Every structure is written in C-alpha cells, then in structure tokens.
C-alpha cells in the first residue's frame, strides 16, 4: 500500500537524474577540509582508497557514525561525540479480561501522547506510549497460554525522553579506526523519574481496561 516512506516510493525520481550516481560498497573514512571548510571525502572501495570532491557535502550516517567520521577527520568540537542519548523504554504486558488484541494491520497500531505535554515535564520526562499489535514482532512468548484467550493480551512500550549526558559518548577505536566505539553510562535522573510514573499510568489505564495481570 506504500503507507510507509521508502526510498523506492518517495525518492526514486532522484536517481533518474543523470547528475546522480549511487555508489555502493564504499565506506567513508574521513571528511577532507581546507581552511575549516569541507571540500571532499576520502573513502574505501574494493580495498582501495579513493577521494571525491564537492561544493556541498551532506553527512547522513546516523548519530553514531556521523561523529565517528568527523572524529577520524581530525575535526574538533567540545560536543563532538558527546551527549549521546536515546529514549528510556519500559515494556509492560497487560493481560485483559475478554478484550482481544493483535488485530491491527500494522506492528504498531497506536502512538499515545497522553503524558507527553504538561507541567510534569518540569519534574520528569515526557512519555510516549506505543501499542504493539504483533506479538512475534515484539518478543517470543507474548501469547497467553489459556485456551481461547491467546490474544487477550496488550503489549505496551512506554518511551521516556532522556537528557543528554556528557559521559555517554561516541569515539574512535584505538585498535582499529574503522570501528566506532560507544560508551553508555546511564540514563538521566530526569528520565528515571519519568519511568517511575509507569505504575501510576497503568493505574489510570486500568480505569478503562479490564486488566487481570501486569507483567
């Protein structure tokens, strides 16, 4: 149905432009700079080093590999490779009395923003709620074992925003500069205070859902 974005259904037209070349099997090593301006890239293809120059460079290699490439390039900045962070996930399984789940047409059937905005964000993290409709895409053993009640189970993931921490980092491996090293120390206290609200949130959900058991 092309309901989700893909390169093929949304950006295929770009590759029909004769000015565009899609080059595969090429690993970017460094961004080459002159007078503080990015002028090109050095990369490896077929075990050989090659170089390309450009007036404009866009580095889109993810939150892990962007800083890794820039660090390998000798680029310095106080925040480069620092403050790596993600959301804090809390997974909860709710067994329901007579309410059958796993009937959606997608793996995720709902994104709940009930606890996203509000004054509580002064004290603890915002929360987005994901409802999963496929037990097998999420984890094995997600079906109930009771006869006739295998899908009377709701899988929820609570995602809490985290704050950047300087001790969560991306760096270049000393053993092999081609390898990115990540160091994750912990989530922020702000995110943990948000996660501590899960029992209260479940209590609110229990006012409208026939919850038999929480796991």
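Points worth noting:
- D_trans [Stokes-Einstein, Kirkwood Rh over alpha-carbon pairs] for the stretch 7-58, 4 °C, 1.567 mPa s, µm² s⁻¹: 102
- Rounded to the nearest 500, the 222 nm mean residue ellipticity of the chain from helices alone is -4000 deg cm²/dmol, with -39,500 (n - 2.57) taken per DSSP H run of at least 4 residues.
- Estimated at 0.36 nm per residue, the fully extended path between residue 186 and residue 85 surpasses their Cα-Cα distance by 35.4 nm.
- Between residue 14 and residue 171, the simple label model (points 7 Å from Cα in the Cβ direction) yields a spacing of 3.4 nm.
- Helix axis angle, 62-72 relative to the chain longest principal axis, alpha carbon, degrees: 30
- Exposure proxy shown here: for 42, 133, the number of other Cβ atoms within 10 Å sets the order, fewest to most, as 42, 133.
- For the pair residue 60 and residue 147, a Förster radius of 41 Å applied to the C-beta separation gives a FRET efficiency near 0.20, rounded to the nearest 0.05.
- Base-10 log of normalised Debye intensity for the stretch 6-127 (one unit scatterer per alpha-carbon) at q = 0.14, 0.22 Å⁻¹: -0.93, -1.33
- Both the radius of gyration and Dmax for the chain are 23.2, 71 Å, in that order, over alpha-carbon atoms.
- Residue exposure sequence - 14, 180 - by fewest surrounding Cβ within 10 Å: 14, 180
- For the stretch 88-215, the convex hull spanned by the alpha carbon atoms encloses 146 Å³ per residue.
- Cβ-Cβ distance of residue 212 and residue 105, R₀ of 41 Å, FRET efficiency by 1/(1 + (r/R0)^6): the value works out to about 0.95.
- Zone of residue 52's modelled label, taken as backbone nitrogen in the stretch 12-37 under 19 Å from a point 7 Å along Cα→Cβ: 12-34
Every number in this text was worked out from the coordinates using simple rules, so none of it is lab data. These figures come from a predicted structure and were not determined experimentally. Glycine also receives a Cβ, built like all others from the backbone with ideal geometry; neighbour counts cover every protein chain displayed.
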